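**Student:** Below are the structure tokens for one structure; questions will follow.
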Amino acid sequence: MDRFIRKLLLSLLLLPATHVHAGSSFVVSPSVGGASISNIDGYRTSPFVRVDGSFHPLPQFGINVFVAHYPGFDSSGGGNDVSIKINGYGAGVTGRWPVHPHAQPYVRLDYMRWDAKATGLGRTLAKDKGGSAGLAAGMQFPIRRIFGIKAEVSGYNNVSGADIRQFSLGLLLEF
């Protein structure tokens, strides 16, 4: 794991013992959705799963860590089937605006470290790893004090040469 991510995770674990802000909270948010590669033709969309863990020292500002898994962008052309699988993790910051008790828009900027693997013909064709910045915009809909749902559009540029665009729906558990 990247040194920066280890330090950030450790900081998030230590913050609850030291915070004194009345509005601070923790948010766990699993989400699922569909992702597509925007600049490489011949591949279908892939489902994906993402889990975020955030600490909000202020209601409007949060620091988050996440893991993401894309099980396969499969080739859509005839001939040999190729699948690209991506796993990632990272950290970011979130700004949210509680403009209404039941609808809160937010923006998130994050950085994902990823591992990509292309398979086909029964073997691994290529492997790649790196990091990419991402941007997300979404809307949170609190239902109860600690429970809600969210909808989000997001994207990452240059993930092993491809740009990923995605839409997801998720749960919010805020403590």
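Here, each number is a calculation from the coordinates, and none is a lab measurement. All values reported here derive from a predicted model rather than from experimental measurement. All Cβ positions, glycine included, derive from the backbone under ideal geometry; neighbour counts span all protein chains shown.
**Student:** Provide the per-residue ³J(HN,Hα) series for the range 160-175, in order, calculated from phi with Karplus coefficients 6.51, -1.76, 1.60 and θ = phi - 60°, each as a whole number of Hz, with x at glycine and proline positions.
**Tutor:** Here the 3J(HN,Hα) series is 6, x, 10, 9, 9, 10, 8, 10, 9, 10, x, 9, 10, 10, 10, 10 Hz.
**Student:** Right, another one. Given the DSSP H assignment, sum -39500 (n - 2.57) over each helix run of at least 4 residues in the chain and divide by its residue total; what's the result at 222 nm in deg cm²/dmol, nearest 500?
**Tutor:** Details: 1 runs with 16 residues, N = 175.
The helix contribution divided over the chain gives -3000 deg cm²/dmol.
**Student:** Obtain the nm distance between the two label points defined at VAL99 and ILE143 by a simple spin-label model: each point lies 7 Å from its Cα along the Cα-to-C-beta direction.
**Tutor:** It is 2.4 nm.
**Student:** Could you work out which residue, out of LEU109, LEU121, LEU135, moves most in a Gaussian network model of the chain, that is, has the largest mean-square fluctuation with Cα springs under 10 Å?
**Tutor:** The residue that fluctuates most here is LEU121.
**Student:** While we're looking at this one, here's another question. In terms of modelled amide H atoms, which long-range or inter-chain residues lie less than 5 Å from the amide H of GLY134?
**Tutor:** ASP110, TYR111, MET112
**Student:** Please turn the phi angles of the range 85-101 into ³J(HN,Hα) values with the Karplus equation 6.51 cos²θ - 1.76 cosθ + 1.60 (θ = phi - 60°), one per residue in order, whole Hz, x for glycine and proline.
**Tutor:** Per residue, the Karplus-derived 3J(HN,Hα) values read 10, 10, 10, x, 8, x, 9, x, 10, 10, x, 10, 10, x, 6, 8, x Hz.
**Student:** List the aspartates and glutamates whose Cα sits under 15 Å from the Cα of LYS117, skipping any in the same chain fewer than 8 residues away.
**Tutor:** ASP74, ASP81, ASP128
**Student:** Around THR45, which amide H atoms from residues at least 5 apart in sequence, or from another chain, sit under 5 Å from its own amide H, with H modelled in the peptide plane?
**Tutor:** Amide H neighbours of THR45: none.
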